[in-house]
Structures are given as C-alpha cells and as structure tokens.
1. Based on the mean of other beta carbon atoms within 10 Å per residue, what is the order of 435-448, 636-649, most packed first?
2. Would you please state which residues of region 493-509 a label at Gln444 would reach in this model, taking the label point 7 Å out along Cα→Cβ and a backbone N cut-off of under 16 Å?
3. Net charge near Ile606, counting Lys/Arg +1 and Asp/Glu -1 over other residues with Cβ under 13 Å of its Cβ?
4. What FRET efficiency comes out for Gln690 versus His728 if R0 is 22 angstrom and r is the Cβ-Cβ distance? Round to the nearest 0.05.
5. Shape of region 68-112 from its Cα gyration tensor (a ≥ b ≥ c, root eigenvalues): rounded if a/c is under 1.5, otherwise prolate when a/b > b/c, or oblate?
6. Grab the Cα-Cα distance for Trp319 and Phe346, subtract it from 0.36 nm times how many residues apart they are, and report the gain in nm with one decimal.
7. Of all the accessible heavy-atom surface of region 308-380, with the other protein chains kept in place and a 1.4 Å probe, what percent is carbon and sulfur?
8. Show me, for region 718-728, the HN-Hα J-couplings you get by feeding each phi into the Karplus relation (A = 6.51, B = -1.76, C = 1.60, θ = phi - 60°), rounded to Hz, glycine and proline as x.
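The values are calculated or read from the model by the stated rules, or taken from the named source; none is laboratory data. It should be emphasised that the depicted structure is a prediction, and the values quoted were computed from it without experimental measurement. Neighbour counts are summed over all protein chains in view; Cβ atoms, including those assigned to glycine, are modelled from backbone coordinates with ideal geometry. We work out accessible area using only protein heavy atoms, side chains counted, and drop any ligands, DNA or RNA first. Shrake-Rupley method; radii C 1.70, N 1.55, O 1.52, S 1.80 Å.
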Amino acid sequence: MHSEHPLFQEDSNTWTPGLTASSRLSALTQEMFDVFWILTPAGEIQAISSSWQTLPDQQDFADPGRGWLDAVHPMDRQQGEEALHEAINSGLTSELVCHIRGDDNSYHLVHLRFIPVREASGMINEVLACGNNLTRQMQTEQMSEAQIQLALKASGVGMWDWNLKTGELVWTDQKRALFGLSPEIPISDERFLEALHPDDRERVHQSNMQAVIEKQEYNKDYRTIWPDGSVHWLTDRAQVICDETGKPTHIVGATLDITELKHTEEELQAAKDEVTIILESITDAFLCLDSQWRYFYINQRMETYLGKKREEVLGKDMWEVVPMLLDTIFEDRYRTAMATQQATHFEAFHPAFQRWVETRVYPQPDGLSIYFHDISERKQIEEALRESEARFNRLRESNIIGIITTDREGNILEANEAFLSLLGYTQEDLAAGKIKWAIITTPQAQARDVEAIEEALRTGVAQPYEKEYITKGGKRVPVLIGRALFRREGSPPLFLCFVLDQTSRKEVEKQKDLFLGITGHELRTPLAALRGTLQLIERRLRRFINKTDNLSPEMVSFFEGMQKNLANGVRQVDVQTHLINDLLDVSRITSGTLKLSLQRCDLIPIIRETVEDLRLVAPERQLLLELPEDTPVNVLVDQNRIGQVITNYVTNAIRYSSPDQPVHIGLAVQENMARVWVRDHGPGLSKEAQEKVWRCFHQVKEVPVQSGSGKGLGLGLYICQTLIEQHHGEVDIESTPGKGSTFWFSLPLANENK
C-alpha cells in the first residue's frame, strides 16, 4: 500500500500494542476484497491494496496519480466514470460490474462498489473503491452444457431464444415436445402463433410486444393445440436481453406444461362453487377472515345477523365492523385460534347478533373460518329448566357423587352404590347393620360430624367439609362431605349427605407440591447462575470501559447499549424468580405448610430498607416515605414476609401508575394497630374490581400497565392477604376511578411484655 496516504500511516493510539492502523486495514482488505483503491474525486489513485491475488498485475497503473480507468476494459470505462460520479454527486454508495485486466492480459469480471468519504465539513475528498472477482465464482458455479441439458430434460422445461434482429426463433427439443412437434419441423413466430388456441393468440402476441417495449421479465399462460387436436396449457417465463446501447436484441425464455395444474384449479374452483352454494343455503351464519382480520366471505345468514349487505363489509376489518366484540370471549378465542392454529368451540351471547350462538372457529394459515349456530331457543329452555329446578339447588350445589341418608346420631340408613363402592361395602352389609358410624369414621372426624349435624339442624344445611372414612379393608379414604336437613312429619330429623372421593385430588395436590418444589428449585438454580453471570459480564464490561481510553463515539454507544441490555436481563431474571417464588408460596398456602418466623422488631426499618431496595431496582421512580420520627413501632412479625408484602404493594403502584407521578409509602399507628399504606396516582379501580383483586390468579383487565414489566400471574395480592391474615392483621384498598388507589395492611402492635 502507499504509506503516504493518511489511512495507511502509523497510529500511535492503537488498541493493542505493536499493531498499526495500516496492518489492521491491510489484513481487513486482503480478507474481504480482491480490489481496494483509494481515489480522488477526479478518479486518480491515491492508494492501492497489495492483496490482489486474483488480479496480480496491477503495478502498471497503480502509481499515485494514475487513473483507475487504465485497468478497466475500454467498453466499461464510460459506465465506470458514471458510477464514480454518481457516488460523488449523491454522497451515497454506487455499484458497478466491469472487466479489469489481469497479469495474463485477460480481463476479469469484477463487482466494484464506490464509497464516498466525507470530512467533518461534509465535503467529499476521496472515494473508496472495493470489489471482488466474479470470474472465478462464475467458473466455479457454471454447469457444463451436458449437465444443463440433462437437467432441463429431467425437469420437463423447454428453452427458447428469439433473435429480434433476424427474427430467428430457436427451440430446444423439449420445447417442441411441449407443442407436440417433432424435432425436424422448422420453427418461426408465425408457426408459434398458429399453434396457439385462437382465443389466446392476440393476447400472447401483445404480451410479447409489450415486454420488448418495457424491456423486462414477464410471464404468460396460454393454451396450445397439438396436431392431434388435444389442448394443453403452457406457461412461459421470459427475459428481454438488450445490447450495450439498451436496444432489445433477444428474448430468452423457459416453457413448462401446466395442464394438470390448470385442471386441478378448475376442479378446485368447481368444488369451491359447490361449497359456496351449500353455505348460501344453510340456515346458520358463516364467515371467512384473512390474516389481517378482513372479511373475504360471508353467507346470506351472516348478512341477516350483521344487518349489512356483504358489499358493505367485504374487505373491511372485522374489529371496525363489529367493535363490540373487543374485550369479549369472541376476541380472546379468535386471536388464540389465529395464533395457535388450533380449532376452538364455545357458546356465548353475541353482542352484535343479540342472540346466543354456538361458535366454531377453524384456523387456516391465511385466516379463520367461523361458523355460528343459533342456540337462543335452547338457552331459553335451559334457563326455564334451571328456574323450575330451583328446589334442587342444594343437591346440585353439593357437587358430589356418593349419596347417603343418616339420622341425628350419624347412623347410615340408605346409601347408593357409589358410596358403598368407595368404602368396599355392599347393600347386604348395609341391610345387616355392618356399616356403623363409629366404625367407618375416624376419631378425629367424629367431632367434626357432630358440629356439621348441629349446623344443619340450625340452618338446614352444613357447609361441605373434608374428613376421612375407614373402608371395610381398614384403609383411610379422604372425602368431601356436604349435609342437608330434610324432615318427615312425625319422625326424627334425617340428613341427606353428599360424599365426594378426594383420593385423586389429594394425590394430585401431593404431586403438585412435589412438582412445584422440584421445579422451583430446578428453575431458580439456573436463574441464579444466569443472574450472576449477567452481573459479572456487566462488571467486567464496566471495568473494561473505565480502563480503555479514546473510545470512538460508536463504541461508547455500543457499550452503553450493551450495559442497558445486561441490566434489563437481570431485571427479567428477577421477574421470573419472583413468579416462581409466588407459585411456591401459593403451593405452601394451599397445602398448609407456609411457616412464619415471628420475632419482635421495629416496623419502621423494615419499611425503610424495603423501599431503599426498590429505589435501586427502579431508580427512575420517585418513592416518597412518610414515617414516624424517633418513635419505634414494635410488632411481632416475620420480617422477610412483611418486606415481601410491602414490595408487592409498591411494585404494583409503580407498574400501574404513570412514570412521572410519585408513589407514597407511609405508616400510621391507630389504637393497637400499625397501618402501612401505599398510594399511587394511577387510573384507580371500580368497586367490582376492588372486590376481585385479592383472588388467586386474578388480574384486572381494565387497568393497563404503564411502566415496568407486564402483568404477572395474579398471585401477589392473594399471597399478601394470606400472609397478613396469618399475622392476625387485615388488608384492604381505597380507590376511586381516575384518582388513584391506596393499598394498606394493618398489624397488631406487640405486647410490651413480650
């Protein structure tokens, strides 16, 4: 290379000692390009790479000041000058494919790119010309004529060449065979047109002429009539070839027989027409949507349901035509079917049709087909039946399988087969008096049975409860039992009991707890390792940046982006860990294994430390504390669990409020209770939403997430409520739509004597 050019001078500010800018640029250009010049805007060579292994003989014109066009074939020089001027004038990269002379005086086809280089002032003082040798690539990829002919014969493709200057038309044997012609028959444009179906001749001729005018690639389908009178469908794909002046000289093309394809299309169209006739005649509504939710077919019944003609809706977005479907089961099921490509079936009241419909959704790669069957009459009958069977609600609500009748002492008087089979007894055993309450009921359950009997005597029904029965073989069977009182005139009270076998559910719960425990451990371990790895990478990256001087703005921007991505990755790992912990907590709650480590402590430091940790997680949010000063608030609590509740309250406030609004956290002492509250300035909650937020797996749909990650599993507030109740405290919410929300919990103050 020419060392006098600034790009190739030694650079003292290198990243690695011992390396220079010239050595790095030399290695880069040798690896990436066969040609690399640095030109002046006038086309004079300032510098040239020394790596032209494919084009070694460049020294004749490589002296500084010589023009690069000396190496270019004379026929390509005008095009080359235009490409260079285009790059300079537009300030953008331009491209050129031209022939450059090699050491054997033969020319190589080279793909060149001209890249203008701007100074800080915006002026272009030089142009980089870099490129690669295409000749070798073409030689490597080129198939032999024999291979091409063999491939064409095997594929059934016929090739042709039409010389526009001489009018000569050359067909391969395969092309002649596609027209039913023997190889010796002479071919001309007139004979070609004569072989076409009369209805296609003019169209094909005009297509050819238009292609010549437009000088572009084109396709056309047409029919040909063979000498035996048979009709065949063919398709042509052709390209117009122009000379160096841009004048069309040839049309070359390929022909393929598509007769079978056309017949298939005709059969499909006939089948489609038949299906359309059927769909138009049925009494149910049917529609088709494309992948963009636009109608492309509705039948007559659908017109009736919508109250619109198909011309009014075809091609329009369904969500605009029937916006009342948004945020309904219809939107949810439609979008799920489109995303999963799984058919679905459901029943619901359609807000646009104002009737109950049975809906079947069938997804295809390009959209959905939806079928509606009116079930309004059936729903009315069902409603009437529900009303007429109101006297059986207690029986229905018990939701059990085994049925027994007992007296006030718990003795079983009647039992169905489901109950007897559960305990391993028979009707004969029952008749013989072998099924006694004291025998089949565990001592622990007998007292609970007495309580249920007393409850049923007072209220008419005892709430279902769990107990264990002892089977004939001595095993214990967990059941859910409900008890209802019914009276007979002049006789002692009797109880109708409904018994549900809980064996499978208990086993499932056991397996679920085991699974969640194992899964939680197996998931948290790699997440912890991943979090540590991300933090280690972030620290090493920060250390590298601090130790490295003179980083370019591009590298600074790159490293800053990487640091942000690493921090975001750590936050996402924390989110997943939080979800896993929530699942494990719910499992412990439902199984009764959630344990608290209670100790007397001051509530104020717990709140302050928790909020400080959250400030590190969300430094962009303003968290304001309102705590009593110089007055400890002693409570008997599990510090980690109370911190978990505060974290959940504050995290929800951050997630559902605007980033520019502060979140307030406070503590107040009222009588013998400490009350902790978190107030946000979010959209607030309706009364109905406030009643549901504490439910397990419940998520408020009408409140959008305004900052932070998306919604979780809907477990956080349920866990908070359970934890506070186990601390003998209370939780609640105060909210007005449009004016924010205040979530609070209260804890009893610790007795001074403890």
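1. Numbers: 435-448: 13.6, 636-649: 20.4.
My ranking of the peptides, most packed first, is 636-649, 435-448.
2. 502-503, 506-507
3. -2
4. Working: r = 23 Å, r/R0 = 1.04.
Computed FRET efficiency for Gln690 and His728: 0.45.
5. Working: a/c = 3.01, a/b = 2.29, b/c = 1.31.
It comes out prolate by the Cα gyration axes.
6. Details: separation 27, 0.36 × 27 = 9.72 nm, distance 1.95 nm.
Taking Trp319 through Phe346 to full extension adds about 7.8 nm, to one decimal.
7. Details: 1990 of 4060 Å².
Using a 1.4 Å probe with all protein chains present, region 308-380 comes out at 49 percent carbon and sulfur.
8. Result, ordered by residue: 4, 5, 4, 4, 5, 4, 5, 4, 5, 8, 6 Hz.
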